[in-house]
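The values are calculated or read from the model by the stated rules, or taken from the named source; none is laboratory data. The structure presented is a predicted model; accordingly, all values stated were derived computationally and were not measured. Quick reminder, even Gly has a Cβ in these numbers, built from the backbone with ideal geometry, and neighbours come from all protein chains shown. Accessible surface is based on the protein model in full, side chains and every heavy atom, while ligands, DNA and RNA are left aside. Shrake-Rupley method; radii C 1.70, N 1.55, O 1.52, S 1.80 Å.
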Amino acid sequence: MRTNRFDGMLYVAAGVFVVALLFAVMAGVVSRGLGNPYTWTEEVSGFLMVWLVCLGWMIATRRNAHIRIRFFQDKLPGRSLRVSEGIIQLCIAMLGTVVAWQSIHLIQVNSDIEAVTLPISTAWMYVPLLPAGVVTCAQALSDLYKQVRGVPITELETP
């Protein structure tokens, strides 16, 4: 599978967030074991988990790795299969657009609310939804464009 610079950045960011999450959880466990628990570890872990989930979502979207049950769709004749795939890609693009658009509202509404144990805004919890929605929409439109150009549906998926 060929990856571009954007995909590489997603992989690196996900790796950094996994390591940061590991350290935050370890710090919480060790500090509790020593009888002096750090109050910030749970909140940091929550923020990191949300970011990590959204990075994973973007990676899976770019690789077309989300679960799809195509039992009935694969039984459709050629033209109907292509039309149904086009409708699915349009729906995915709409979903990405709605997620991105609504994330802007969530960021704005939470921008003046400070996290409980951290000196940051709770809006940072919702920030990763914006790129996740944009990537979902862009990938769906890219797949739809390839399909319209005549790329076989089976070749749109990457192993």
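Based on this model, can you work out whether Ser111 counts as touching a Leu at 6+ places or on another chain (Cβ under 9 Å) and among the hydroxyl-bearing types (Ser, Thr, Tyr)?
no
Quick check on Ala27: is it among the aliphatic types (A, V, I, L, M), modelled with pLDDT of 95 or more and over 28 Å from Ala138 (Cα atoms)?
Against the criterion (among the aliphatic types (A, V, I, L, M), modelled with pLDDT of 95 or more and over 28 Å from Ala138 (Cα atoms)), Ala27 qualifies.
What is the residue count in segment 119-135 for residues that are among the polar types (S, T, N, Q) and open to solvent by 40 Å² or more (accessible area, probe 1.4 Å)?
Residues meeting the conditions: 0.
Filter segment 59-109 down to residues that are open to solvent by less than 60 Å² (accessible area, probe 1.4 Å), free of Cβ contacts under 8 Å to residues at least 60 places away in the same chain and polar (S, T, N, Q) and give me whichever is nearest to Gly133 (Cα to Cα).
Top of the filtered list is Ser103.
Given (1) without any contact (Cβ under 8 Å) to a residue 40 or more places away in the chain; (2) open to solvent by 90 Å² or more (accessible area, probe 1.4 Å), where does Leu21 come up short, assuming only one miss?
Tallying (1) without any contact (Cβ under 8 Å) to a residue 40 or more places away in the chain; (2) open to solvent by 90 Å² or more (accessible area, probe 1.4 Å), Leu21 fails exactly one: (2).
Mind listing whichever residues of segment 12-54 are out of contact with any helix residue (DSSP H, G or I) (no Cβ under 7 Å at 6 or more places or on another chain) and aromatic (Phe, Trp, Tyr)?
Phe23, Trp40
Might you let me know whether segment 5-24 holds any residue that is more than 23 Å from Gln139 (Cα to Cα), part of a loop (DSSP other than H, G, I, E, B) and β-branched (Val, Ile, Thr)?
no
If I ask for residues that are among the aliphatic types (A, V, I, L, M), under 14 Å from the mean Cα position of the chain (by Cα) and either part of a helix (DSSP H, G or I) or under 17 Å from Val16 (Cβ atoms) (or both), which ones from segment 39-72 would you list?
Leu48, Met49, Val50, Leu52, Val53, Leu55, Met58, Ile59, Ala60
Which of the residues that make up segment 35-75 are farther than 30 Å from Gly86 by Cβ and of a type in the set (Asp, Glu)?
Glu42, Glu43
Just one of the numbered conditions (1) modelled with pLDDT under 95; (2) of a type in the set (Val, Ile, Thr); (3) within 20 Å of Phe17 (Cβ to Cβ) is not true of Val151; which one?
(3)
Does any residue of segment 31-50 turn out to be within 25 Å of Asp143 (Cα to Cα), among the hydrophobic types (A, V, I, L, M, F, W, C) and open to solvent by 90 Å² or more (accessible area, probe 1.4 Å)?
No - not one qualifying residue is present in segment 31-50.
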